[in-house]
Amino acid sequence: MKPLSRRIYAITAILCAAVIFVGVNIAVDATFTTQRLDLTENGLYTLAPGTRHIIGNLREPITLKFFYSKKVASDYAQIQAYAGRVRDLLQEYAALSHGKIVVREIDPEPYTPAEDEASASGLSAAPTDSGDSVYFGLVGSNSIDGKEAVPFFSQDREPYLEYDLTSLIYRLSTPKKPIVGVISSLPLDTGAGGMAAALQGRAQPYVIYEQLQQTYDTEMLDPDFKSIPAGIDVLMIVQPPALKAEQVYALDQFVLHGGRALVFVDPLSELSNASAGFNGAGPAVSDLPQLFHAWGISYDPRKIIGDRALAQPVQVSADAQQGVARYPVWLHLDNKEFDSSDQVTASLQLLNLASAGALSPVKGATTKFLPLVTSSDQASLLDSDQVRMGARPQDLMAAIEPTGKRYALAARISGPAATAFPDGPPNGEIPAKPQIRKSVGPINVIVMADSDVFDDRFWVRVENLYGKRVAAPFADNSAFVLNAVENLTGSSDLISLRTRATSDRPFTVVKKLQADAQARFQQKADALQAKLADTQSRLRALEQGASTDGQPTTSTGLTPEQKAEIEKFKRDLVQTRADLRDVQHNLRREVDALGSLLAFVNIALVPLLVAIFAIVLAIIRRRRRARAIMV
């Protein structure tokens, strides 16, 4: 038989390679649909264990409609990039759910039924310069007509994107919400305006309480309660008023029976003071001495932690530069002050607290005291009266004598506990249920010696975005409270994803170069600026007919000496401006050099390397061919 030509062999090989390529792709797509490789530094596309667990436990299908105005938003690069991340994350959810999550992307073009659907679903429309609106939100629904929505994906909430998506799915998959009972002297549910604002329809709940209501059924207990209502999963006590003996007894029995409690007390509540002008304002100082002693907690409501290392800067006068001082009782805590092994605090990055107290274990207690949030070792305890009287920040800073001890601001209390009423119920009353004197199991209580964690001023910016309230956190106060509630309800799935790094990659090398250059050249730049201002001032004075010593002349004209002085000042002005431009150029020289290098690498170096590789490969192949011919 006549052998096949090399051309036919090549064509056959190419066709076989194409068939194999398509077949392998189909097989991989069918077999490894959930396999991903995330090479981002912060694992932006690696879902947290809590997300995976929630998706894996879905029993009913959930439909997610992603409304995105693709054409209208094409001129806005930031929105377009963020939409790509949202889309990728939603597709990852769908791939992991094995059909339980259905994602549909809808482009609500103007004057279409899709736009009507987006508007009817409660999504917000962002206006543009062209007059069209951009929809960029999500609507989720379950099989029993439950609906949840993200009205608009705000760039400020990008670090919380996975939490927002997963919590939406969690709410749709868990129709029955846990019940959180609330005992508080603060207007958490009405905001700073209190009951007066509520009666006028202007109530704005504090953001943390508003977020609690989205995930849980919250039940405010009556101020005169005598027992804890049945069905309460977690009891949250925030800046409690002075409780009656029978109320303390009810709390004691609730915890001993296995009820979980989250407690916030405060030696000086800034939030209470801010609400003092409204009805319902509670006491500035709070304590639960009987219960704390029974639970093995020591707390002195007359002492406030002052911390030199964690002091927040505050404005103390109108001068923006000179009027800033560090206020040592307003604390800015980062992850070095959090217990990284506890689920409540492991993912936190920042907390802002104000006038917080200190907690410590009681010697010989049967319970276990685990600090969750602590001060630095540059702290000591200050008298609350000194802080309450409005001492200057510098005076408080001087009064701190660091003890080298880290004070606990929040702690988890667990283990066996005895009743706070060993002599029986108070007032000799016969309770509806027999008293138990020891806990039926380990108690589970989390206590924080600060109630200002709820104060919006310290952790969040609330903006009105196209008719909707949008909370943009700059600290993790909300994450701490919600983590604690979730942990106490037995659900820890959402805790691992409350605070995730943003996809924004700052130019750290560029910032360092700028900072170094600023340190080297700023002093010279300031001197030149001062010289420039002085020269301009003296030049104006001379041109207006003044002499060089600043005294006005009697002649309307200028003397030859003055004219010469003006020319000299003009030359100095030009030279000073040239020197200043040189300094400003030096400030950017290294940054520009780095930019040029990166541009060369991206534009020229890679193609050049490919060309060199091709040339070298061609030379090697030619030499091999030449050797083969010689042989």
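The values are calculated or read from the model by the stated rules, or taken from the named source; none is laboratory data. Predicted, not measured: the structure shown is a model, and the values here were computed from it. Heads up, the Cβs are rebuilt from the backbone with ideal geometry, glycines too, and the neighbour counts pull from every protein chain shown. These accessible areas exclude ligands, DNA and RNA; they are computed on the full protein's heavy atoms, side chains included. Shrake-Rupley method; radii C 1.70, N 1.55, O 1.52, S 1.80 Å.
Worth pointing out:
- Solvent exposure ordering (accessible area, 1.4 Å, most first) of Met236, Met389: Met389, Met236
- Protection proxy ranking, peptides 354-362, 119-127, average beta carbon neighbours within 10 Å, highest first: 354-362, 119-127
- Heavy-atom SASA rank of Lys570, Lys70 (probe 1.4 Å, accessible area, largest first): Lys70, Lys570
- Here r is the Cβ-Cβ distance between Lys147 and Thr112 and R0 is 22 Å; the resulting FRET efficiency, rounded to 0.05, is 0.55.
- Whichever lysines have a C-alpha closer than 28 Å to that of Lys468, once near sequence neighbours (fewer than 8 apart) are set aside: Lys65, Lys70, Lys71, Lys147, Lys176, Lys177
- Centroid-to-centroid, using Cα positions, region 121-147 and region 346-398 are 44 Å apart.
- Computed from the C-beta positions of Ala628 and Thr46, the FRET efficiency with R₀ = 45 Å rounds to 0.35.
- Peptides 475-482, 289-296, 619-626 ordered by packing proxy, namely the average of other Cβ atoms within 10 Å per residue, highest first: 475-482, 289-296, 619-626.
- Subtracting the Cα-Cα distance of Ala399 and His293 from 0.36 nm times their residue separation leaves 35.2 nm of extension gain.
- Label-point separation in nm, Ala13 to Ser130, each point 7 Å along Cα→Cβ: 5.0 nm
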